[in-house]
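Below: one structure, written as structure tokens.
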Amino acid sequence: MKIPSDAKDITAMRAFFTEVRQQMCSMADNLSEPWKTHFNGLKEHYDQALAALPPTDAVPAAMEANKHLSAFYSCLANANALCSMLGASMASAVKDADAKLALALNSAVAKEVLAKIAAGELVAKADLAGLVAAALADRVKTGDFVEKATVLQLCSQATTTGLTQGEKKVRDEQAATAALQMVITTRKTHLQTCGVPVPDAALEAVLGGTEEAFAALQKTAEQRVAALQKKGVALNSKSPLGAKVWLPADQWTVFESLVTETIKGGDPLAAAPAHGAADAPKVMVC
């Protein structure tokens, strides 16, 4: 029999021979002699044919080698990473050890040098005072240290400057206060001339603003006086209540409501006639 080389043909022939061989075995089990011997002989021929067929389930050598090489590469890569990690750890440990050693050596050397200087072994005690004085003199020249006389002089200058600046600040504040009071006095006179109530001492600070702010406040005060007159309330020019027209907006609302309700409540002069509120008698609030 010619042995096939194609894996597909080998697989098909192996399946065929295997199936026929099983049939031969079944027939041999069910037959008697001489037929049983005959079919067993045929089974042996199929066994020989199956044994002659090459294997199809074996892995080619190239594929097997590729798996081994891949596993070997993985081992090498992991080994390289492990070496790098160990190297970094060793370098860090050496660096820390070097730093600690350097610090310990510096401390030990400094301590030993100070001990040697104190014992006069490095520098003679007689020369030590001169060296210190020279070092201090150099520091004074470079401005690191300042002589006591210079310090006292600078402190004196600072005190004088502070007093002068403080005095100027006080004088400036006094001048500003006087100027503000002059503006307030002038504007109070202006209000009296215009017949507008003048704010009392607690509210007169509102008169010290800019010209625009003062003009707006004066207009608001005149409008409030006119609004009270329409509601039957006439403020006497000398009435202390007249100064309340300069109250802030939220306080004025409360004051206006209070005055209006007081006028309306129980005063016969404040009752409006039946033919309209326009002819209601006005109440003079003194």
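General observations
- Spacing of the modelled spin labels on residue 68 and residue 10, each 7 Å from Cα toward Cβ, amounts to 2.0 nm.
- Modelled this way, with points 7 Å down the Cα-to-C-beta line, the labels at residue 182 and residue 249 are 3.4 nm from one another.
- Using the Cβ-Cβ distance between residue 106 and residue 139 with R0 set to 22 Å, the FRET efficiency works out to roughly 0.40.
- Stretchable slack from residue 239 to residue 164, in nm (0.36 nm times residue separation minus alpha-carbon distance): 22.3 nm
- Take the Cβ atoms of residue 173 and residue 261, set R0 to 41 Å, and the FRET efficiency comes out at 0.40.
- Taking θ as phi - 60° and the Karplus parameters 6.51, -1.76 and 1.60, the scalar couplings of segment 206-215 work out to 5, 7, x, x, 5, 4, 5, 5, 5, 5 Hz in sequence order, x denoting glycine and proline.
- Eligible aspartates and glutamates near residue 67 by straight Cα distance, threshold 18 Å, same-chain separation 8 or greater: 57
- Model label points for residue 82 and residue 31, set 7 angstrom from Cα along the Cα-to-Cβ axis, are 6.5 nm apart.
- For residue 233, the residues 5 or more places off, or on other chains, whose built amide H falls under 5 Å of its own are 283.
- Count, lysine Cα pairs under 19 Å in segment 74-221, 8 or more residues apart or across chains: 4
- Applied to segment 247-253, the Karplus parametrisation 6.51 cos²θ - 1.76 cosθ + 1.60 on θ = phi - 60° returns per-residue 3J(HN,Hα) values of 5, x, 4, 5, 6, 5, 4 Hz, with x for Gly and Pro.
- In plain terms, the residue of 32, 74 with the fewest other Cβ atoms within 10 Å comes first and the most crowded comes last, giving 32, 74.
- Listed residues 49, 15, 27: farthest to the positive end of the dipole of segment 7-52 (Cβ charges): 15
Readers should treat all values here as calculations from the given coordinates under stated rules, not as data from a laboratory. Keep in mind that what you see is a predicted model, and the values were worked out from it rather than measured. Reconstructed Cβ throughout: ideal geometry from the backbone, glycine too, with neighbour counts over all protein chains shown.
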